[in-house]
Amino acid sequence: MASSRYSVRLATLSDSFVLRGMLYEAAAPVGKDRPSPEQLLSNPQVTAFVDGWGRGGDHGLIAEADLEPVGAAWFRVFPDDDPEGGFVGGETPELLISLVPEHRGKGVGGMMMTELIQMARDEDKASLGLNVPRGNMPAVALFRRFGFEVRRDRDGVLTMQLTL
């Protein structure tokens, strides 16, 4: 799928480096206390979302502008006994989406969400789950627009779920 400037393609095994960069953009709070990529990406609870990318059930998309990666959206299933897994349910894939700041607010996130939700439906998933900081109003609005509902509000983080 493409807009006038953006295109979205399937993430491949060789995109694990791109996904790590986008994971940093998604997980690192912007501001003076923002951790370095090395600090954040040395945490196994964070890197669980990209380590071993390409295992069964991993699906993702890369957004590009002029053939350069500017965003990614992906989901993967974690076992219930995984410390990061099962926040909605063990069979519910956890979704992450991220765009580099200068490409936010231009419809790219919506393009990725539309395709990723269809991928989950094609896989016969019952739902998708995600966590988002309560204060990230643009992201919360995007997820609500696609039908995600708040399941939990804890420590400034919303756990949201979309029933497919």
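Proximity of backbone amide H atoms, modeled 1.01 Å from N, is registered between Ala11 and Gly60, Leu61, Ile62 at under 5 Å, excluding neighbours fewer than 5 places apart on the same chain. Couplings for region 96-105, taken from phi via the Karplus curve 6.51 cos²θ - 1.76 cosθ + 1.60 with θ = phi - 60°, read 10, 9, 8, 9, 5, x, 6, 10, 7, x Hz in order; Gly and Pro are left as x. Remark: spin-label model distance Thr114-Val157 equals 3.1 nm, labels positioned 7 Å along the Cα→Cβ axis.
For the chain, with all protein chains in place and a probe radius of 1.4 Å, 52% of the accessible heavy-atom surface sits on carbon or sulfur. Could you tell me whether region 22-63 comes out rounded, prolate or oblate from its Cα gyration tensor? Rule is a ≥ b ≥ c as square roots of the eigenvalues, rounded for a/c under 1.5, then prolate if a/b exceeds b/c, otherwise oblate. In terms of gyration-tensor shape, oblate.
Electrostatic tally near His103: other residues with Cβ closer than 15 Å to its Cβ, Lys and Arg +1, Asp and Glu -1, net -2.
The translational diffusion coefficient of region 13-164, from Stokes-Einstein at 20 °C and 1.002 mPa s with a Kirkwood hydrodynamic radius over alpha carbon pairs, comes to 137 µm²/s. Net charge in the neighbourhood of Gly54 (other residues with Cβ under 12 Å of its Cβ; Lys, Arg +1, Asp, Glu -1) is -1. Rolling a 1.4 Å probe over the heavy atoms of the protein chains gives region 1-81 an accessible area of 53 Å² per residue. For region 96-164, the Cα gyration tensor yields ellipsoid semi-axes of 19, 18, 8 Å (square root of five times each eigenvalue, largest first, whole Å). Could you go through region 138-148 in sequence order and give the Karplus-derived ³J(HN,Hα) for each residue, using 6.51 cos²θ - 1.76 cosθ + 1.60 with θ = phi - 60°, rounded to whole Hz, and x for Gly and Pro? Once rounded to whole Hz, the list reads x, 5, 4, 5, 4, 5, 4, 4, 8, x, 5.
Each other residue within a Cβ distance under 13 Å of Ser16 adds +1 if Lys or Arg and -1 if Asp or Glu, for a net charge of 0.
The values are calculated or read from the model by the stated rules, or taken from the named source; none is laboratory data. Worth saying up front: this structure is predicted, and the values here are computed from it rather than measured. Glycine gets a Cβ as well: all are built from the backbone with ideal geometry, and neighbour counts include every protein chain shown. With ligands, DNA and RNA removed, areas are computed over all heavy atoms of the protein, side chains included. Shrake-Rupley method; radii C 1.70, N 1.55, O 1.52, S 1.80 Å.
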